[in-house]
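Peer 1: Pasting a structure here, questions to come.
The values are calculated or read from the model by the stated rules, or taken from the named source; none is laboratory data. Not measured: the values here are computed from a predicted model. A quick note on method: Cβ atoms are made from the backbone with ideal geometry, for glycine too, and the neighbour counts reach across all protein chains shown.
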Amino acid sequence: MKAMLAIISNALCRITGKNVGARVVVSRSFTDFTPQATFDIKQCDLHRLEEGPPLKAELTREQGLQYYRTMQTVRRMELKADQLYKQKIIRGFCHLYDGQEACAAGIEAAINRSDHLITAYRAHGYTYTRGVTIKEILAELTGRKGGVAKGKGGSMHMYAPYFYGGNGIVGAQVPLGAGIALACRYQGNNQVCVTLYGDGAANQGQLFESFNMAALWKLPCIFICENNRYGMGTSVERASASTDYYKRGDFIPGLRVDGMDVLCVREAAKFAADYCRSGKGPIVMELQTYRYHGHSMSDPGVSYRTREEIQEVRSKNDPITVLKERLLSNNMASAEELKDIDVAIRKEVEDAAQFATSDPEPPLEQLCNHIFCNNPPVEVRGTNPWSKLQSVS
Amino acid sequence: MALSLRCFLRCGKNAVSAVRQRGFHRSVPAAAQVTVRDALNQAMDEEMERDERVFLMGEEVAQYDGAYKVSRGLWKKYGDKRVIDTPISEMGFAGIAVGSAMAGLRPICEFMTFNFSMQAIDQVINSAAKTYYMSAGLQAVPIVFRGPNGASAGVAAQHSQCFAAWYAHCPGLKVVSPWNAEDAKGLLKAAIRDDNPVVFLENELMYGVPFEMSEESQSKDFTIPIGKAKIERQGNHITMVSHSRFVGHCLDAAAVLAKDGIECEVINLRTIRPMDVESIEASVMKTNHLVTVEGGWPQFGVGAEICARIMEGPAFNYLDAPVTRVTGVDIPMPYAKILEDHSLPQIKDIIFSVKKTLNV
């Protein structure tokens, strides 16, 4: 494209006699970019493991652009959700993921589409990486019929093949994840289940019950603690007697990983998935990450931490910036290219928001549907005895 | 038959062998005496044989043959993969069972008694019952939670609670409460084949009780539809509605009352949710009187729900007297035998309540 512009401008120069072409910057063609590079990544802290993930990560140009796109999309989608919430178009709970994008992008890069993943309520990022479109996510947040759960679920209850939500009860998703792993082992399909929880949920008793059974039965479960330093308004130091979340699995080996570096996350998740697939049983991973927003949209997020702290992470450790700098300084992409991607993503998110605000709400006739699966239609009592509603499977 | 055929066709999918030979009838007597325990055992055995996705997990279900021997022989036949002993971790293993159901298996999750299900109740309600609705039909949870419910004998307050009303309160769950061996077998098979979360409330005192099982009910395809009550005894003067063990008490009371010329119609609910109100209404429109009998506490209980539903429906205008509820006494269960005996409906309480309702 840019080469063509150069040709045209040169032609114009000749035709007009003016030096028009001098201002056209002829950028490099794709063949000038470095196709692949190897990066040093931070070493992981190990618990009950002789060896950990590699200290170097290979990244191709395509992968770099893909991870960039994924993280930027999640970022813009979450910021759009913030905007829509403040306009009162999204209501109820809205827990935003911006800052933590490297976790979702890195994990998805390491596992197969047919592996399984379950997380808690800060789920929009994973909903996207697991294959749900931005349109369907935003429309679910705005409670419209085009939402992935037809408007019945909302922020915390979005599902997709191999993605089990979106779970509102803190910690409850962990035994569920161990159960999904049990199904993998039972069916002998060589799949693993990634089961995510936060630093707050790490103190739930049902986690330790799950660790015990997963280890006992060698379930292929990757337990991942996304430690973003705060469980709602309570810092990790105030909530946990031990903040070494990667060690909390006790007899289960663990890794502590830099969750702001998508390559670190990817290599660690790959290592963990290989470990589980080899039949050794479960493994625990702690991703050290950070959320820019408060716990939810009703939390400004500055009463329990300083703005300086948030700003420091943004300027030094932002996952998108970290990747961008790697790509640019290694000549794996150009600034314009990344800017074009940004523009395209903004448009995609804007279009999705447009859909999410204009799509109609679910029809009232569907109020009682989906109570039971594979069931003949049943009658459901409405708010008063004369209100008899229909429920279809 | 048609229902079980539909069930088979729906649920068949991967696991059921394509060719199922009925072959010759087993050579059993036309009817047989089978205990509730054995009926439950047969149901699980047959369903595990039929569909390899079905498996059982719970405390002591495998090597101990079941705390109440309900799963006797299953571990020996099916092995570690399909009959799993769990640690004492109700919340954890109930969640694991629900997760496995989400990922394609068909678990039977046993609670040693339903009292312990309280530890896991979040997984039953929030993870199992509500998920199909929250996901607008994307995620089904085909799971059965089973175990003994309600009072036993001498096990005192923490081990005697009836959870029928608690679970039946929640949309998204089916709640089943069998009385005899036929109920136990047919309903458990139906529950296992159902693609929805089913809470299956057994009764420990009924496990050892033998009942005659018809030839039809001994078939491997025999299921009883969930959501349909059964009229155990026909009568014209008064309707008695009950579930689980107290159906037997109602029948005993009816036999005594018959000597006084009072003919009771006894309805065995079989399913608490969805409740077969139509059967109750039809009966009340015939008899004009209704007594409900249950072991659970009165407040917000099964009988309370029946009263409300009768009032809202056509049968109200046929009542010659208010509905009477016979329930457990509104106290935690005491230990001493004399106290325990007087904490639950006895036959004489039922007889008394019938006569009061009939004003005789």
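Peer 1: Give, as residue ranges, the strands (runs of 3 or more DSSP E) completely inside the stretch A:275-393 that count at least 2 residues that are within 14 Å of chain B (Cβ to nearest Cβ).
Peer 2: The qualifying strands (runs of 3 or more DSSP E) are A:378-381, A:388-391.
Peer 1: Where residues in the stretch A:120-146 are free of Cβ contacts under 8 Å to residues at least 40 places away in the same chain and either of a type outside the set (V, I, T) or buried (at least 24 other Cβ atoms within 10 Å of the Cβ) (or both), which of them is nearest to the other protein chains (Cβ to nearest Cβ)?
Peer 2: Only one residue tops the list, namely A:E140.
Peer 1: Scan B:G303, B:G295 and give me the residue that is under 20 Å from the mean Cα position of the chain (by Cα), in a loop (DSSP other than H, G, I, E, B) and not assigned by the TED database to the domain that holds B:G154.
Peer 2: B:G295
Peer 1: Scan the stretch B:132-181 residue by residue and report those that are aromatic (F, W, Y), without any contact (Cβ under 8 Å) to a residue 60 or more places away in the chain and touching a strand residue (DSSP E or B) at 6+ places or on another chain (Cβ under 6 Å).
Peer 2: The answer is B:F145, and nothing else.
Peer 1: Among (1) away from chain B (no Cβ under 14 Å); (2) in contact with a His (Cβ under 6 Å, 6 or more places away or on another chain); (3) crowded, with 24+ Cβ neighbours inside 10 Å, there is one condition A:M232 misses while meeting the rest; what is its number?
Peer 2: Exception for A:M232: condition (3).
Peer 1: Which one of these does B:G328 not meet: (1) buried (at least 18 other Cβ atoms within 10 Å of the Cβ); (2) in contact with a strand residue (DSSP E or B) (Cβ under 8 Å, 6 or more places away or on another chain); (3) not in a strand (DSSP E or B)?
Peer 2: (2)
Peer 1: Right, here's the next one. Report the residue count in the stretch A:334-393 for those that are closer than 30 Å to A:M77 by Cα and not hydrophobic (A, V, I, L, M, F, W, C).
Peer 2: Selection size over the stretch A:334-393: 22.
Peer 1: Right, next: Take the stretch B:40-70 and flag every residue that is within 14 Å of chain A (Cβ to nearest Cβ) and surrounded by 20 or more Cβ atoms within 10 Å (Cβ to Cβ).
Peer 2: B:M48, B:D51, B:R53, B:V54, B:F55, B:L56, B:M57, B:G58, B:E59, B:A62
Peer 1: Right, something else. For B:R6, are the conditions met, namely being farther than 30 Å from A:Q206 by Cβ, at pLDDT below 95 and outside any helix (DSSP H, G or I)?
Peer 2: Answer is no for this residue.
Peer 1: Could I ask something else about it? Any residue that is touching a Pro at 6+ places or on another chain (Cβ under 9 Å), in the same structural domain as A:R113 (by the TED database) and β-branched (V, I, T) - is there at least one of those in the stretch A:225-239?
Peer 2: no
Peer 1: Name every residue in the stretch B:63-96 that is in contact (Cβ under 8 Å) with a residue 12 or more places away in the chain and of a type in the set (S, T, Y), in order of residue number.
Peer 2: B:Y64, B:Y68, B:S71, B:Y78, B:T86
Peer 1: Determine which member of the set A:Y197, A:Y246 is in a strand (DSSP E or B), buried (at least 21 other Cβ atoms within 10 Å of the Cβ) and at pLDDT 95 or above.
Peer 2: A:Y197
Peer 1: For B:N180, which of the numbered conditions (1) in contact with a Lys or Arg (Cβ under 8 Å, 6 or more places away or on another chain); (2) buried (at least 21 other Cβ atoms within 10 Å of the Cβ) fails to hold?
Peer 2: Failing condition for B:N180: (1).
Peer 1: Out of the residues in the stretch A:147-168 that are in contact (Cβ under 8 Å) with a residue 60 or more places away in the chain and at positive phi, which is nearest to the other protein chains (Cβ to nearest Cβ)?
Peer 2: Checked the stretch A:147-168; the qualifying residue nearest to the other protein chains (Cβ to nearest Cβ) is A:K150.
Peer 1: Now for a different question. Just one of A:A272, A:A214 is within 12 Å of chain B (Cβ to nearest Cβ), of a type in the set (A, V, I, L, M) and surrounded by 18 or more Cβ atoms within 10 Å (Cβ to Cβ); which is it?
Peer 2: A:A214
Peer 1: Right, something else. State which residue is farthest from A:D351 (Cα to Cα) when the search covers only the stretch A:86-119 and only residues that are within 14 Å of chain B (Cβ to nearest Cβ) and of a type in the set (S, T, N, Q).
Peer 2: A:S114
Peer 1: All but one of (1) buried (at least 24 other Cβ atoms within 10 Å of the Cβ); (2) more than 9 Å from chain A (Cβ to nearest Cβ); (3) free of Cβ contacts under 8 Å to residues at least 40 places away in the same chain hold for B:F116; state the number of the condition that does not hold.
Peer 2: Status for B:F116: all satisfied but (1).
Peer 1: Quick one: in the stretch B:306-317, which of the residues that are in contact (Cβ under 8 Å) with a residue 12 or more places away in the chain and more than 13 Å from B:L290 (Cα to Cα) is farthest from the chain's Cα centre (by Cα)?
Peer 2: Selected residue: B:P314.
Peer 1: Name every residue in the stretch A:169-194 that is surrounded by 21 or more Cβ atoms within 10 Å (Cβ to Cβ), facing chain B (nearest Cβ under 7 Å) and assigned to a loop (DSSP other than H, G, I, E, B), in order of residue number.
Peer 2: A:A172
Peer 1: Same structure, new question: Take the residues of the stretch A:92-119 that are of a type in the set (D, E, K, R) and assigned to a helix (DSSP H, G or I): which is surrounded by the fewest Cβ atoms within 10 Å (Cβ to Cβ)?
Peer 2: A:E108
Peer 1: Give the residue that is farthest from the other protein chains (Cβ to nearest Cβ), with candidates limited to residues of the stretch B:71-113 that are small (G, A, S) and over 19 Å from A:C373 (Cβ atoms).
Peer 2: B:G73
Peer 1: Scan the stretch B:259-275 and tell me whether some residue there is under 22 Å from B:Y318 (Cα atoms) and within 14 Å of chain A (Cβ to nearest Cβ).
Peer 2: Yes; the residues of the stretch B:259-275 include at least one that is under 22 Å from B:Y318 (Cα atoms) and within 14 Å of chain A (Cβ to nearest Cβ).
Peer 1: Hey, among B:A191, B:A140, which residue is surrounded by fewer than 24 Cβ atoms within 10 Å (Cβ to Cβ), within 14 Å of chain A (Cβ to nearest Cβ) and of a type in the set (A, V, I, L, M, F, W, C)?
Peer 2: Of B:A191, B:A140, the one residue that is surrounded by fewer than 24 Cβ atoms within 10 Å (Cβ to Cβ), within 14 Å of chain A (Cβ to nearest Cβ) and of a type in the set (A, V, I, L, M, F, W, C) is B:A140.
Peer 1: Taking the condition more than 24 Å from B:C170 (Cα to Cα) and surrounded by fewer than 20 Cβ atoms within 10 Å (Cβ to Cβ), does B:F300 pass?
Peer 2: no
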